[in-house]
1. Using +1 at the Cβ of each Lys and Arg and -1 at the Cβ of each Asp and Glu in the chain, identify which of ALA7, VAL19, GLY51 lies farthest towards the dipole's positive end.
2. Can you pull the percent of the chain's accessible area that's carbon plus sulfur, 1.4 Å probe, other chains left in place?
3. Against the longest alpha carbon principal axis of the chain, how many degrees, from 0 to 90 and to the nearest 10, is the axis of helix 25-36 turned?
4. Once the Cα gyration tensor of the chain is found, what semi-axes does its equivalent ellipsoid get, as square roots of 5 times the eigenvalues, in whole Å, sorted largest first?
5. So how much slack lies between GLU16 and GLU40, counting 0.36 nm per residue of separation and subtracting their Cα-Cα distance, in nm?
6. If you filter segment 1-57 for trypsin sites (Lys or Arg not before Pro), then keep DSSP loop positions with at most 13 other Cβ within 10 Å, what is left?
7. If each residue of separation counts as 0.36 nm, what is the full-extension length gain between ALA65 and GLU24 once their alpha-carbon separation is subtracted?
8. Ignoring ligands, DNA and RNA, what accessible area per residue does the chain give at 1.4 Å, in Å²?
Amino acid sequence: MKTKRIALHDIVIDDEVLVRTKIEKEHVEDLFEALKQSKELPPVVVFDDDGTLILVDGYHRYEAAKK
């Protein structure tokens, strides 16, 4: 698997792929605080569907990065 930086606005959230029923706001806040302290988080995982980057893992990290 290759890792590279991509812009948040290039990532698509597909409700059919989202396996979590709910995003835990407290967990997002904890991750956001870690990012503010320059801590590195594991990368999110996206699937490239013919140029459309669909988020498949890392919803909480994605939300924290958006914040």
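The values are calculated or read from the model by the stated rules, or taken from the named source; none is laboratory data. Bear in mind that the values here come from a model prediction, so they are computed numbers and not experimental data. Glycine also receives a Cβ, built like all others from the backbone with ideal geometry; neighbour counts cover every protein chain displayed. These accessible areas exclude ligands, DNA and RNA; they are computed on the full protein's heavy atoms, side chains included. Shrake-Rupley method; radii C 1.70, N 1.55, O 1.52, S 1.80 Å.
1. Projecting each Cα onto the dipole axis, the largest value belongs to ALA7.
2. Values: 2640 of 5450 Å².
Accessible surface attributable to carbon and sulfur in the chain totals 48 percent.
3. Helix 25-36 and the main axis of the chain meet at about 80 degrees.
4. They are 20, 15, 9 Å, listed largest first.
5. Contour length minus the Cα-Cα distance gives 5.8 nm.
6. Values: sites: LYS2, LYS4, ARG5, ARG20, LYS22, LYS25, LYS36, LYS39; in loops: LYS2, LYS4, ARG5, ARG20, LYS22, LYS39.
Hits after loop and neighbour filter: LYS2, LYS4, ARG5, ARG20, LYS22, LYS39.
7. Difference between extended and current length: 13.3 nm.
8. 81
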